[in-house]
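Since every read-out is calculated from the coordinates, none of them should be taken as a lab result. Note that the structure is predicted; figures quoted are calculated from it, not measured. For neighbour counting, all protein chains shown are included, and Cβ atoms are generated from backbone atoms with ideal geometry for every residue, glycine included.
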Amino acid sequence: MAKRIFICLFVFVCAQAVFTQKAVSGTRSVNRQKIERRLAGTWSLVLVDNIDANGKRTQPYGPNPQGLLIFNANGTYAIQILRADRPKFVLGDKTKGTDRENQTLVLGTNTHFGRYTINSDNTITFKIEHAFFPNWEGTEQRRPFTLTDTEFRYTVPTTTNGAGISGEVAWKRIK
């Protein structure tokens, strides 16, 4: 008799655990969908700061970076970040740019696109299909974020400047 009671109790506890897990999973899924709906649209760049190991901040795209971030409801995204004060090529032909012109172009541009996923731990994963910085192509980058009605802000654990440099990026919604 005690064995039957134990088995019944065990089955009940297991069923309860499964039900609870499905309920929590469903809530997480609903929360992710809610965030994805809030994120969908076009965002304008406000801030790009790189932060070194000592906490010193630099602005790799200058004090007034320009850019757009577009999230589609189907899970795709595109990011364009540009330094506003990039000089024009003297000859007006990018195939004839000087070493300095090409270096300035590379250091003043960061773009990538692909798919994104909202994770239950308040991070976003960018699944980068193609990028101006080819080392990022085919990578998945998880970034902590905050989201309000008007601002989307995230941290880049390792920037295109390599290990030891993190980044903070802020965007405002375009209405």
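Quick notes
- Cβ-to-Cβ counts within 10 Å put 118, 70 in ascending order as 70, 118, the fewest first.
- Among the listed pairs 56/96; 34/175; 127/172; 127/175, those beyond 30 Å (Cα-Cα): 56/96
- Using the Cβ-Cβ distance between residue 142 and residue 95 with R0 = 45 Å, the FRET efficiency computed as 1/(1 + (r/R0)^6) comes to roughly 0.75.
- In range of the label at residue 132: residues from the range 49-70 whose backbone nitrogen is under 16 Å from the point 7 Å along Cα→Cβ: 49-50, 59-70
- Spacing of the two label points (7 Å from each Cα toward its C-beta) at residue 111 and residue 172, in nm: 2.4 nm
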